[in-house]
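Participant: Can you read through this structure? Questions will come right after.
The values are calculated or read from the model by the stated rules, or taken from the named source; none is laboratory data. Keep in mind it's a predicted model, so treat the numbers as computed, not measured. Using ideal geometry, Cβ is built from the backbone for each residue, glycine included, and neighbour counts are taken over all protein chains shown.
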Amino acid sequence: MKRLGILAGVASLALGAVLLASGARSADDAKLEQLKQQGFARVAIANEPPYTAVAADGKVSGAAPDVAREIFKRLGVNDIVASISEYGAMIPGLQAGRFDVVTAGLFMKPERCAAVAYSEPVLCDAEAMLVKKGNPKGFKSYADIAKDSSATVGAPGGGTEEKLALNAGVPRDRVIVVPDGQSGLKMVQDGRIDAYSLPVLSINDLMKKANDPNLEVIAPVQGAPVYCDGAAFKKGDEALRDAYDVELAKMKKSGEFAKIIEPYGFSAKAAMSTTREKLCAAK
Ligand code: 6CS
């Protein structure tokens, strides 16, 4: 056993020497050094404007990637490369090493906080529902949908709205997993679902682009909390997350954070009025 201990000690000394030679201040900075060498950070997004968006030419924008791109630049990582993922697949993908960070509006909730290392808050929003004009079934909350045995609601797979509807008592077969905003919009227009639920700014973006007078937005959904996201890092990459937070705090203080997110409709004040600690403890 003693021999094994000596070998392990020699190995960690060798690793330390390699890392220090590469400029990392400690083994903890290895991930940041790896991203610097890589030249980009692999980010998971959902393509749900204004949180995240991918244009026809592949250009990635949206409040979350724009904040991440600026912070990584300040950390010496020149760019971000985005992969589109369903919300429910983001954390498993991060844990499997398919992404370096999730920057997608992945709202902080206790069960997610237990699975990833979140940054401090970035984008905050309430929940909304897209329904037919006149809100024919009178929805104000997910509980209203639960009470009406004929009512169905669409939501992203593994997303917050799916969970809220199920927790409000909507049976599994009346909560329809919808892959993206355009599909949800069409399903409401075609009467295939009675409501489609996303955060307020996402639903408003869909409504504006649809320009359909036969649709109506119910916002906020009564009884649903205001959520905030953060950049989500893999457990074990806390040193990278902490370095990210240092730059995020500087940008919040200088006003540069507001300059990036507020044109998308987000409130810098909302993100700056809460903390990861509070959001991860929220019931
Ligand atoms: O964090 C989530 O689960 C939710 N976040 C956004 C930005 N859209 C829908 C998703 O369910």
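Participant: Let me confirm something: among 183, 202, 197, which residue is within 14 Å of the ligand (Cβ to nearest atom) and part of a strand (DSSP E or B)? Reasoning before the result, please.
Facilitator: On the way: 183 fails: part of a strand (DSSP E or B); 202 fails: part of a strand (DSSP E or B).
Residue meeting the stated conditions: 197.
Participant: If the requirement is being assigned to a helix (DSSP H, G or I) and of a type in the set (D, E, K, R), which of these qualifies: 262, 216?
Facilitator: Numbers: 216 fails: assigned to a helix (DSSP H, G or I).
Residue meeting the stated conditions: 262.
Participant: Could you please let me know if residue 214 is at pLDDT 95 or above and away from the ligand (no atom under 16 Å from the Cβ)? Step through it out loud before you land on a result.
Facilitator: On the way: at pLDDT 95 or above: yes; away from the ligand (no atom under 16 Å from the Cβ): yes.
Criteria met by residue 214.
Participant: Which number in (1) within 16 Å of the ligand (Cβ to nearest atom); (2) assigned to a loop (DSSP other than H, G, I, E, B) marks the one condition that residue 222 misses?
Facilitator: (1)
Participant: Against the definition (of a type in the set (Asp, Glu), surrounded by fewer than 16 Cβ atoms within 10 Å (Cβ to Cβ), at pLDDT 95 or above and closer than 30 Å to residue 35 by Cα), how does residue 242 come out, yes or no?
Facilitator: yes
Participant: Looking only at strands (runs of 3 or more DSSP E) that fall completely inside the stretch 105-177, which ones have 1 or more residues that are over 30 Å from residue 233 (Cβ atoms), more than 16 Å from the ligand (Cβ to nearest atom) and at pLDDT 95 or above?
Facilitator: Values: elements: 116-118, 127-132, 153-155, 175-177.
Of the strands (runs of 3 or more DSSP E) lying wholly inside the stretch 105-177, those with at least 1 residues that are over 30 Å from residue 233 (Cβ atoms), more than 16 Å from the ligand (Cβ to nearest atom) and at pLDDT 95 or above span 127-132.
Participant: Given the condition in contact with a Phe, Trp or Tyr (Cβ under 6 Å, 6 or more places away or on another chain), of a type in the set (Gly, Ala, Ser) and modelled with pLDDT of 95 or more, answer yes or no: does some residue in the stretch 183-202 qualify?
Facilitator: So in the stretch 183-202, the residues in contact with a Phe, Trp or Tyr (Cβ under 6 Å, 6 or more places away or on another chain) come out as 184, 188, 195.
Next cut, of a type in the set (Gly, Ala, Ser) only: 184, 195.
Next cut, modelled with pLDDT of 95 or more only: 184, 195.
Yes - at least one qualifying residue is present in the stretch 183-202.
Participant: Would you mention how many residues in the stretch 265-279 are in a helix (DSSP H, G or I) and either modelled with pLDDT under 95 or more than 26 Å from residue 95 (Cα to Cα) (or both)? Show your work before the answer.
Facilitator: Filtering the stretch 265-279 for residues in a helix (DSSP H, G or I) gives 268-272, 276-279.
Next, from what is left, pick out any that are either modelled with pLDDT under 95 or more than 26 Å from residue 95 (Cα to Cα) (or both): 268-270, 272.
Residues flagged as in a helix (DSSP H, G or I) and either modelled with pLDDT under 95 or more than 26 Å from residue 95 (Cα to Cα) (or both) within the stretch 265-279 amount to 4.
Participant: So, one more: Based on what the data block shows, is residue 28 surrounded by 14 or more Cβ atoms within 10 Å (Cβ to Cβ), at pLDDT 95 or above and acidic (Asp, Glu)?
Facilitator: no
Participant: In addition: Looking only at the stretch 163-181, filter to residues that are in contact (Cβ under 8 Å) with a residue 40 or more places away in the chain and surrounded by 19 or more Cβ atoms within 10 Å (Cβ to Cβ); which one of those is farthest from residue 91 (Cα to Cα)?
Facilitator: 168
Participant: Next question, about the same structure. If the Cβ limit is 6 Å and pairs must be 6+ apart or interchain, which residue in the stretch 34-58 that is more than 16 Å from the ligand (Cβ to nearest atom) pairs with which residue that is part of a loop (DSSP other than H, G, I, E, B)?
Facilitator: 35/77; 36/76; 36/77; 39/78; 41/77; 41/100; 42/99; 42/100
Participant: Which one is surrounded by the most Cβ atoms within 10 Å (Cβ to Cβ), of the residues in the stretch 225-239 that are of a type outside the set (D, E, K, R) and within 14 Å of the ligand (Cβ to nearest atom)?
Facilitator: First pass over the stretch 225-239, keeping only residues of a type outside the set (D, E, K, R): 225-228, 230-233, 236, 239.
Checking which are within 14 Å of the ligand (Cβ to nearest atom) leaves us with 225-228, 230-232.
Working: 225: 16, 226: 16, 227: 21, 228: 25, 230: 31, 231: 28, 232: 24.
Among them, the one singled out is 230.
Participant: Going through the stretch 83-104 one residue at a time, which ones are of a type outside the set (S, T, N, Q) and within 12 Å of the ligand (Cβ to nearest atom)? Explain how you work it out, then say what you get.
Facilitator: Of all residues in the stretch 83-104, those of a type outside the set (S, T, N, Q) come to 84, 86-94, 96-102, 104.
86, 87, 88, 89, 90, 91, 102, 104, listed by residue number.
Participant: Is it the case, given these coordinates, that residue 261 is among the hydrophobic types (A, V, I, L, M, F, W, C), farther than 30 Å from residue 115 by Cα and crowded, with 18+ Cβ neighbours inside 10 Å?
Facilitator: Numbers: among the hydrophobic types (A, V, I, L, M, F, W, C): yes; farther than 30 Å from residue 115 by Cα: no; crowded, with 18+ Cβ neighbours inside 10 Å: yes.
Taking the combined requirement at face value, the residue does not satisfy it.
Participant: For residue 248, indicate whether it is in a helix (DSSP H, G or I) and either at positive phi or in contact with a strand residue (DSSP E or B) (Cβ under 7 Å, 6 or more places away or on another chain) (or both). I'd like the intermediate steps shown before the answer.
Facilitator: Working: in a helix (DSSP H, G or I): yes; either at positive phi or in contact with a strand residue (DSSP E or B) (Cβ under 7 Å, 6 or more places away or on another chain) (or both): no.
No, not satisfied.
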